[in-house]
Amino acid sequence: DWLRESYQELELRVAQRTQALQVSNEVSRSLSNILNLDSLVIQVVEQIQSRFDYYHVHIYLFDDARENLVLVGGTGEAGAAMLAANHVLAPSQGLVGQAASSREVMLIPNVAEAESWLPNPLLPDTRAEIAVPIVIADDVLGVLDVQHHVANGLTQMDADLLQSIANQVAIAVQNARSYQRVRSQREYEAVASKIGQKIRLATSVEDVLQVAARELATAL
């Protein structure tokens, strides 16, 4: 009986991990073609939350000065409230800050047993949390944070799967940013070309200045 129960438990774990890997791969594939950063983070948090049935998911990315972690996507009413409040964290603040500064996955299976854990009043039912650094080429872009309402409901298997997804998110974020830079450069060049053409048609210095001022004001 003991052997049969152990075998059945092993089969269940294998089945659960196989299913989780399939979902993880599906989530990762769906991100590969998204080149808008806002759309990307929304897809990430909502797909992870719905497919794995977690309590809450959100993503932080470093600001340009790399001084703060800025919330860029979060699920549910709590996520919307934090986004509306322009929620930010210092790199050393909370589990998210620890993951960013250490570049390591931070897992708290039961927050009631973690003295240093900081609760969020908008997420009163959190009982477990994982913070996963989003890293590419040794550069920490941000943190993927997952919270669950079941104590010990997040395990090392969740951490491993979320790390895999975070790696794909890092690539997707880099691609989206690169696309945006290229797009902005092309738009700038198009505006510059348009202004140059109109300036060449001007017949006096005064006309040149008027054209330049008018077109720059329109472009800006």
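The values are calculated or read from the model by the stated rules, or taken from the named source; none is laboratory data. Bear in mind that the values here come from a model prediction, so they are computed numbers and not experimental data. Cβ sites come from the backbone with ideal geometry, for glycine too, and all protein chains shown count toward neighbours. Surface areas here come from the heavy atoms of the whole protein model, side chains and all, with no ligands, DNA or RNA. Shrake-Rupley method; radii C 1.70, N 1.55, O 1.52, S 1.80 Å.
A few comments on the model shown:
- Computed E for Gln210/Ser39 - FRET, C-beta separation, R0 41 angstrom, nearest 0.05: 0.55
- Extension gain for the segment Asn25 to Asn86, taken as residue separation times 0.36 nm less the Cα-Cα distance, is 18.8 nm to one decimal.
- Shape of the range 42-115, Cα gyration tensor, a/c cut at 1.5: oblate
- The range 28-170 - Kirkwood radius from inverse mean 1/r over Cα pairs (Å): 14.9 Å
- In a fully extended conformation the segment linking Ala114 and Gln197 would gain 23.3 nm over its present Cα-Cα distance, using 0.36 nm per residue.
- Surface composition of the range 79-170: carbon and sulfur make up 51 percent of the accessible area, probe 1.4 Å.
- Directionally averaged shadow of the range 73-120, computed from the convex hull of its alpha-carbon atoms, nm²: 4.0 nm²
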